[in-house]
Structure formats: structure tokens, C-alpha cells
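What follows is a set of notes on a single structure, which appears directly below.
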Amino acid sequence: MKKLRSALKTKFRNSIKIVGLGKYLPEKVLTNFDLEKMVDTSDEWITTRTGIKERRIAEGESASDLGTKASLIALKRAGLKPQDIELIIVATVTPDYQFPSTACCIQKNLGAKKAVSLDIGGACAGYVYALSLAWALVGGGFYKNALLVGSEVLSTITDWSDRSTCILFGDGAGASVVVPAKSEAGMLSSYLGGDGNFGDFLILPAGGSRLPASKDTVKNRLHYIKMQGNEVFKIAVRVMVECAQKALKKCGLRSEDADLLIPHQANLRIIRAVAKRLNLEDKVFVNIHKYGNMSSASSAVGLCEAYEEGRIKKGDIVVLDAFGGGLVWGACVIKWI
Ligand code: COA
């Protein structure tokens, strides 16, 4: 018994490493100037208050379509075939259906017959949650590898007549393949948290079992994102700073040890405030101007794009830091192998 316990403990301590990254952004670009024609807003207001200049919009493509395209790139770069994948975790708030899961749709699209497939919540922190879960399951020896996907078609749950939210969101998908890491590097730590008491600050009220779809819910536009922006803003800055600090502390590091901070891309003012408090202003990755907030896809695309741009090198300490509806938050520290 003692032997088994220590064997399990040793196995569970195994790290994971990311061996393939992919992203897919739909072609259609919706600029702030386009939005000026749709609601009472201006490019100047959106740019100053959010940092967003444009976002992508999926036309006739679902979360699984976007996720499949990102996954094919990640798999190719990982040198793995879909049939090799044992686990698929998809983080999304815009699933193709309530069921089957979007992970099952992606499994079907890829022909990843062997893969156990599941969706998780986690909203904008969904990719950080997926990575942490994969660490437990792949690092723990339950699966040999995992495909992690953050994919969102937020344009389908955005109220295009509400100027306080419609300027923020965009569509996209990011994917990564993880395998066990034999060295001490790879995933170094994860810190996750949340507080359901703040649930009403960022919510899609109707369409679930609490408020099933009806003529009234549709008439009252309750199938769209509702948000108390100011409240979310204040909490976001505080928890993102705390999350990054706690995740770094868990692996014996401090913020000055980080080479790159990839924060959730919700608002440039949030990103700047967090980076400033962490003293990482020169080491922060930003792509919000191109894509807006893509919820779970933001961190996944951010990591992929940072790597493609050569901002991540072997040995670098990368911090992923996110928050979202729930409210939930989380950070992961990775030593790149
Ligand atoms: N264009 C022009 N004016 C707008 C506008 C728009 N798109 N949206 C709101 N306004 C107006 C408001 O009506 C308000 O006018 P008033 O002063 O006459 O009442 C004014 O601008 C200020 O609104 P406010 O909501 O206080 O602005 P803000 O500086 O807080 O910015 C957000 C709003 C949404 C950009 C900001 O609160 C935010 O980003 N919050 C965090 C949201 C977030 O991160 N969500 C995702 C979490 S994963």
C-alpha cells in the first residue's frame, strides 16, 4: 500500500509539455468603423476604452469547425495523427449543441477514434482550466497525451444592438497538444479559483434549465451576454494579479522571473493595469487590437501567436493568466521545453 501510494505520488508529479500549437481565426473582419454603423459608438471610444480595433466573425462556422481547424495545425506541429490522441478537452461557452459535446464533434471531424472527449466551462479562463486538468490527467498517467481546444463563436451570443457589450467580443480558436514531460520543466504550477457570488456580473441568462427558451426570453434578448462591465473590470484586475503571483509562488518563482505574461485579452486597460502591478510591462503579450475578447480562445490563440512570433524560447518562463464568467480565474506557469 505504501509502495502504491508513493508510486502514484511520483507519477502524479510528472509534468506535461506543449508539443504543438495551432490557431484559426475566421476570415471576416469587423472593424470599429463597421460597428459605428451598427450602434451609437465610435472608433475613438472603443480604442481608448478597450484597445480593440477589430475582431473576427465566423460566418456559417461553429465552435467545432473553428476548433477542428486549429487542432489540425496543432497536431501537425506535434507530429501526431488524430488516431494517436487519447483525450480531447474543449473549453467553450458557445458549444455547437448542449449535447453532443463540442469535443465529440471535434473528435468526429478529426477521426480521433481513440479519444475520450469532454467539454468544460471556465468561460474566459477555460483554456487555463483545460491545461490544468490535462496536467492532472496526462501528468497523472491516465492518458498519454491530450488535445486542448479553446474555441468560441461569441458573435452568436452577442447582442449586436447593445453597444456596451457588442464592441468587446470576437470569434476564434486555439489548440494545443500536450504530452508528459520527462524533465523538471514544462508545466510548473497552476492556481485556479473562483466565486459564484459574482455570477450575475457576466451571464447568459436564458436557454438553460433556469430559464428555458421561450417567446419571452427571445423577446427580452436574454439569450445574449449580459455584463456589468465596471464591476467585472475592478475584480478582474485584482484577481489576475493575485492569480499570477500565487501560481508563481507555488513553483518558487517571482514575477521578475517571468519572461512572458500572456493575460486574457478582455480590455487593454485591464492588461496594462495587471502587467504594471506585476512589474511585467515590458514582457506582456497583447493581440486584443486584432481579435477583441475571444473568451476561452484568447489564451489559446495568444500562446500560439506568441510562439509563432518568436516571443517564446526554450527555457523561458511563460505565465498564462485569465479570468471570466463565473466568476472564475486561473494562472499557469510553464517553463518552455
Ligand atoms: N460607445 C460609446 N459610448 C459607450 C459605449 C460604446 N460602445 N459603451 C458604453 N458607453 C457609454 C456609457 O453609456 C456611459 O455613458 P454615460 O456616462 O453617459 O452613462 C459611458 O460610455 C461610460 O460607460 P462605462 O460603462 O462606465 O465605461 P467603462 O470605462 O467602464 O468601459 C467597458 C466599459 C465594458 C469597456 C469596461 O467596463 C470593461 O471592459 N469592463 C470589463 C469587461 C470584461 O472584461 N468583460 C469580459 C470578462 S471575461
- Filtered residues of region 217-249 (kept if more than 13 Å from the ligand (Cβ to nearest atom), part of a loop (DSSP other than H, G, I, E, B) and among the polar types (S, T, N, Q)): Asn220
- Message: Of the conditions (1) open to solvent by 10 Å² or more (accessible area, probe 1.4 Å); (2) out of contact with any Ser or Thr (no Cβ under 7 Å at 6 or more places or on another chain); (3) in contact (Cβ under 8 Å) with a residue 12 or more places away in the chain; (4) within 16 Å of the ligand (Cβ to nearest atom), Leu268 satisfies every one except a single condition; which number is it?
- Response: (2)
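Quick one: is Ser42 open to solvent by 20 Å² or more (accessible area, probe 1.4 Å), in contact with an Asp or Glu (Cβ under 8 Å, 6 or more places away or on another chain) and among the small types (Gly, Ala, Ser)? Steps first, answer last, please.
Values: open to solvent by 20 Å² or more (accessible area, probe 1.4 Å): yes; in contact with an Asp or Glu (Cβ under 8 Å, 6 or more places away or on another chain): yes; among the small types (Gly, Ala, Ser): yes.
Answer is yes for this residue.
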- Query: Which residue pairs have Cβ atoms under 9 Å apart, sit 6 or more places apart or on different chains, and have a first residue in region 197-213 that is over 10 Å from Leu327 (Cβ atoms) and a second that is of a type in the set (Phe, Trp, Tyr) and in a loop (DSSP other than H, G, I, E, B)?
  - Reply: Leu204/Tyr224; Pro205/Tyr224; Ala206/Tyr224
- Of the numbered conditions (1) open to solvent by less than 60 Å² (accessible area, probe 1.4 Å); (2) among the aliphatic types (A, V, I, L, M); (3) not in a strand (DSSP E or B), Val90 fails exactly one; give the number of that condition. (3)
- Note on the structure: The condition from (1) open to solvent by 40 Å² or more (accessible area, probe 1.4 Å); (2) assigned to a helix (DSSP H, G or I) that Asn279 misses is numbered (2)
- Query: Which one of these is more than 19 Å from the chain's Cα centre (by Cα) and either open to solvent by less than 50 Å² (accessible area, probe 1.4 Å) or hydroxyl-bearing (Ser, Thr, Tyr) (or both): Ala206, Ala244, Ala236?
  - Reply: Ala206
- Message: Residues that are closer than 18 Å to Gly186 by Cα and open to solvent by 10 Å² or more (accessible area, probe 1.4 Å): does region 115-123 have at least one?
- Response: no
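Could you check region 35-56 and list, in sequence order, the residues that are of a type in the set (D, E, K, R) and touching a residue at least 60 places away in the same chain (Cβ under 8 Å)?
Result: Asp40, Arg49, Lys53, Glu54, Arg55, Arg56.
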- Message: Checking the structure you have, find out if any residue of region 146-160 is over 21 Å from the mean Cα position of the chain (by Cα) and either in the same structural domain as Lys17 (by TED's automatic domain parsing) or assigned to a strand (DSSP E or B) (or both).
- Response: yes
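Tell me, which helices (runs of 4 or more DSSP H) lie completely within region 1-59 with 3 or more residues that are over 24 Å from Ala266 (Cβ atoms) and at pLDDT below 95? Explain how you work it out, then say what you get.
Values: elements: 2-12, 32-36, 43-50.
Filter on region 1-59 gives 2-12.
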- Message: Can you say whether Leu168 is within 25 Å of Val319 (Cα to Cα), within 16 Å of the ligand (Cβ to nearest atom) and open to solvent by less than 30 Å² (accessible area, probe 1.4 Å), as far as the supplied structure shows?
- Response: yes
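Per-residue answers, yes or no, for (1) within 29 Å of Leu131 (Cβ to Cβ); (2) within 16 Å of the ligand (Cβ to nearest atom); (3) of a type in the set (D, E, K, R); (4) crowded, with 19+ Cβ neighbours inside 10 Å:
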{"position": "Lys23", "(1), (2), (3), (4)": "yes, no, yes, yes"}
{"position": "Val29", "(1), (2), (3), (4)": "yes, no, no, no"}
{"position": "Phe33", "(1), (2), (3), (4)": "no, yes, no, no"}
{"position": "Lys37", "(1), (2), (3), (4)": "no, yes, yes, no"}
{"position": "Ile46", "(1), (2), (3), (4)": "no, yes, no, yes"}
{"position": "Ile52", "(1), (2), (3), (4)": "yes, yes, no, yes"}
{"position": "Ser64", "(1), (2), (3), (4)": "yes, no, no, yes"}
{"position": "Thr68", "(1), (2), (3), (4)": "yes, no, no, yes"}
{"position": "Ser101", "(1), (2), (3), (4)": "yes, no, no, yes"}
- Task: Would you check if there is a residue in region 250-258 being within 20 Å of Leu131 (Cα to Cα), open to solvent by 20 Å² or more (accessible area, probe 1.4 Å), in a helix (DSSP H, G or I) and of a type in the set (D, E, K, R)?
- Result: yes
- Message: Which residue is nearest to Thr94 (Cα to Cα), if the candidates are limited to region 177-201 and must be open to solvent by 20 Å² or more (accessible area, probe 1.4 Å) and hydroxyl-bearing (Ser, Thr, Tyr)?
- Response: Tyr191
- Query: Looking at (1) open to solvent by less than 10 Å² (accessible area, probe 1.4 Å); (2) more than 13 Å from the chain's Cα centre (by Cα); (3) closer than 24 Å to Ser62 by Cβ, which is the one condition that is false for Gly174?
  - Reply: (2)
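The values are calculated or read from the model by the stated rules, or taken from the named source; none is laboratory data. As the structure is a computational prediction, the values presented were derived from the model and not from experiment. When we count neighbours, we look across all protein chains shown, and the Cβ atoms used for this are built from the backbone with ideal geometry, even at glycine. Note: accessible area is taken over every heavy atom of the protein model, side chains too, but ligands, DNA and RNA are not part of it. Shrake-Rupley method; radii C 1.70, N 1.55, O 1.52, S 1.80 Å.
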